[in-house]
Amino acid sequence: MERAHIDSALADLQASKKKWATLPVVEKMRHLDHIKENTVRVARSWVEATVKAKGLSMDDPLAGEEWTGGPFSVLWLIKDLRTSLVRISSDVDVLEGMKHRTLPNGQLALDVYPKTFDEGVLFPGIRAEVWMQPGINESNLNDVVASFYQEDDPEGAVAVVLGAGNIASIAVMDTVYALFNEGKVAILKMNPVNDYLGETFEQVFAELIDEGYVRFAYGDGEVGSYLTGHDDVDTIHVTGSVSTYNAIMYGTGEEGEANRFSDTRVTTKPVGAELGGVTPMIVVPGKWSKRDIRYQAEHILAAKMHNSGFNCVAAQVLVMPDDWDQKDEFLDAVRTVLTDYVGRDPYYPGSRERCDAAIAQSKHVEVFGSSDPRYLVTGLDAQSKDEPWFSDEIFGPVLTVTAIPSTDVPSFLEAAVRFANERLYGTLNASIFIDPATQREHRSVLERSIDDLDYGTVTVNLWSGAAYFISQCAWGAQPGHSPQDIQSGTGVVHNSLMLDRTEKSVVRGPFAPSPRTFAKGEFHIGPKQVYFPTNKTAHKTGELLVEYSDKPTKLNLAKVAISAVLG
C-alpha cells in the first residue's frame, strides 16, 4: 500500500476525530445498528471465505467455528454494547439492576452473565462474573463505568488497530471497541494472513467509512511499522505476538532488545495489546465415570484443536495430579480423541516449521495422523525452570502434559496454581476442570485457587475461549505487566459494560451435558458445547445463532436449542 494513501487516510481521520468523539450517543447507536445490519448481510459470504481459506466446506461441522468465531461474535458484542449505549443515552446507570458480591478478599465481583432468559437458553449452565481490582467498591464503581462518556468535551483520537490473522472476528471487534468504548476513530490494518476478508469488513463498516470515521490499510510489517510510527496516529492496539509488541515499543533486532533492556522506547503512544501465552488446563482429581473422562478428553481436544490450534487461548499444558488413580485412563482417552479426530490443514504460515522445531526439543512425543498430524508431548518436569514448552507459545496442534505430586485436592490445587503462575509464560487465561462432588467438598479451596490464579480470564469446566464470546467479560491479560515484560499484554477489549479497572473474568460451565449432569447435582439443559470438534451440528447451530442474532424471536431461539441438542 502506498504511503500517500495511508497519509491521506490518517489525515481524514484526524479531521473527523473530534466530530466522532462529540457525536451524540443516539447517532453512535445508529452507526452501531448499521454495523449489525451489514454483518448480517455479509455473514454467509464471510464464512464461505474463511472456510475456503482453511480447507473446510460449509457442510463440515468444523465450519461452525467460522460462524461462531466470525459474524456471531460480532453480533453478540453489538447486542450487549447497544444495551449499554441505550442506558447512557437515557441517563441510566449502565450497571443498573446488576447483582454483585464482595469476595472474601474484599474485592467486588459483578454478576454479568446471563442477564436474560434467552441468554440462559442459548448457553445453559454458563455463568460469568467480572472481578474488579482492589479499591473498587459500591461507592466508587460508577466512576469506572463508561469513562469516555463521562468526559465533557472529548478531543477524540486516531487509533491504529493491527488486526489478527487467526480468528476472523477479532479485527472487527477490536475496531468496534476503539470506536464505541473509547470514542476513537480508527484505521484497521488487515493481517496478511486473512486480508482476503478486507472487502467484507469494509462492507461491515461502510457507513463509518463514508463519514470519515474508519479507514483500512493493507500490507506487510513495513506498512504496520509506518502506521504505528505515523504522527497522525494517537494510539495503537495490537492483537498478535510479543515480538510484534516489542517491535512497536522498542524497535527490532539487537538494537530493539537493547532498547527493551534499558526501557528506551521508540514510541510514546499508548499501546494496548492482547498477546496470548502458554495456557494451562488444570485437571483436579476426583471420581470420574468413563463418560466423564471421555467428555472432558473431548473438551481438552476442543481447547487445543479449535481453529487448528491457532488461538491465543489454545490449550498448551495439561496439568495433571501425578497420584490420581485415573490419570492414565484420562490420558488414554485424550490419545483416543486425538486419534479419532480428523486432521485439518495447518493453514497458518510457519505452522509445520514451528511444530517440527518444537517437538525436536522433546523426548516423549506421540504423533497422531500423518498428513496433518497432531502431537502429544508427555513427561514434562513441572519443576524445570528452562522448559521451552513452559515459556514459548506454540500456536499449533501440540498438547503437552506435566504431572504434579500431591496428597489431596487442596495440596494439588495449591501446587498447580503456583506452577501456572510461576512457570508458565503469559496471563491471558487458565482453565480448571473439577467434578461437582469435588467442588462441593472443596468449595473454599476452589474459590481461593480462582482468586490466586494470576490470569485475565479463569474458567471452571469450560474452555476459556467461551469467555471470548461473552462480551460482558473484559477480555485481556492480568493487569500490571510492564512494557519490558509484557507477557500477555495490557488493557482489555470486548467489555460491553465499559468497565475500567477490571482484574479478571471468571466463567463457570457445567461439568457434564444434560441430562447426565442431573445425577451430579447440576441442573441445566445444556448439551455438548458448540465449540467441541465432535459436535456434529456445530455448523448448523452456528448459522442459526447468526439468524437469531438478527431476529431474536422465540422461534429462532427454539431452532438454536434444537440444533444444539442434536449436536
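The values are calculated or read from the model by the stated rules, or taken from the named source; none is laboratory data. Keep in mind that what you see is a predicted model, and the values were worked out from it rather than measured. Quick reminder, even Gly has a Cβ in these numbers, built from the backbone with ideal geometry, and neighbours come from all protein chains shown. Please note that ligands, DNA and RNA were not included when accessible areas were found on the heavy atoms of the full protein model with its side chains. Shrake-Rupley method; radii C 1.70, N 1.55, O 1.52, S 1.80 Å.
Assorted remarks:
- Ellipticity estimate at 222 nm from DSSP helix runs (n ≥ 4, -39,500 (n - 2.57)) divided over the chain, nearest 500: -12000 deg cm²/dmol
- Dipole magnitude of region 307-420 about its Cα centre (Cβ charges: Lys, Arg +1; Asp, Glu -1), debye to nearest 20: 360
- Checked against a 21 Å cut-off, the cross-linked pairs Lys17/Lys79; Lys290/Lys363; Lys52/Lys559; Lys54/Lys540; Lys36/Lys551 give Cα-Cα distances beyond that limit for Lys17/Lys79; Lys290/Lys363; Lys52/Lys559.
- Calculated FRET value between Arg41 and Thr407, using beta carbons and R₀ = 41 Å, to 0.05: 0.10
- Shape category assigned to region 282-411 from the gyration tensor of Cα positions, a/c cut at 1.5: oblate
- With every protein chain in place, the chain: carbon and sulfur % of accessible area (1.4 Å): 51
- Proximal lysines relative to Lys504, as straight alpha-carbon distance under 21 Å, when same-chain residues fewer than 8 apart are discounted: Lys99, Lys115
- Extension gain, Asp345-Asn137: 0.36 nm per intervening residue step, less the Cα-Cα distance, totals 70.0 nm.
- Evaluated with a Cβ-only charge set (Lys, Arg +1; Asp, Glu -1), the chain carries a dipole of roughly 1700 debye about its Cα centre, given to the nearest 20.
- One chain, two ends: Ser262 and Val565. Fully extended at 0.36 nm per residue, the span grows by 103.5 nm beyond their Cα-Cα distance.
- Ligands, DNA and RNA aside, Ser243 has an accessible area near 80 Å² when probed at 1.4 Å.
- The chain: angle of helix 73-89 to the longest principal axis, Cα-based, in degrees nearest 10: 60
- Distance between the pseudo-spin-label points of Glu48 and Lys363 (7 Å out from Cα toward the beta carbon): 5.4 nm.
- Computed FRET value (nearest 0.05) for Ala4 with Phe518, which takes r as the C-beta separation and R₀ as 56 Å: 0.30
- The residues packed around Glu155, meaning those with a beta-carbon under 13 Å from its beta-carbon, carry a net charge of -1 if Lys and Arg are +1 and Asp and Glu are -1.
- Semi-axis lengths, largest first, of the ellipsoid equivalent to the chain are 35, 27, 25 Å, with √(5λ) applied to each eigenvalue of the Cα gyration tensor.
- Each other residue within a Cβ distance under 15 Å of Trp131 adds +1 if Lys or Arg and -1 if Asp or Glu, for a net charge of -2.
- The residues neighbouring Trp389, those whose beta-carbon lies less than 11 Å from its own, together hold a net charge of -4 under the Lys/Arg +1, Asp/Glu -1 convention.
- Each peptide in 502-513, 526-537, 403-414 receives the mean, over its residues, of other Cβ atoms within 10 Å, and ordering these scores from highest gives 502-513, 526-537, 403-414.
- Charge-dipole axis of the chain as Lys and Arg at +1 and Asp and Glu at -1 on Cβ define it, positive-most pick from His100, Ser514, Val193: Ser514
- Heavy-atom accessible area per residue - region 1-84, 1.4 Å, Å²: 39
- Dipole of the chain, positive direction: furthest Cα of Ala171, Pro71, Gly480, with charges on the beta-carbon: Pro71
- Area accessible to solvent at Met98, 1.4 Å probe radius, in Å²: 30
- Taken along the Cα-to-beta-carbon direction at a fixed 7 Å, the label points for Asp325 and Asn421 span 3.2 nm.
- Pairwise FRET efficiency - Ala11 versus Ser241, Cβ, R0 = 35 Å, nearest 0.05: 0.70
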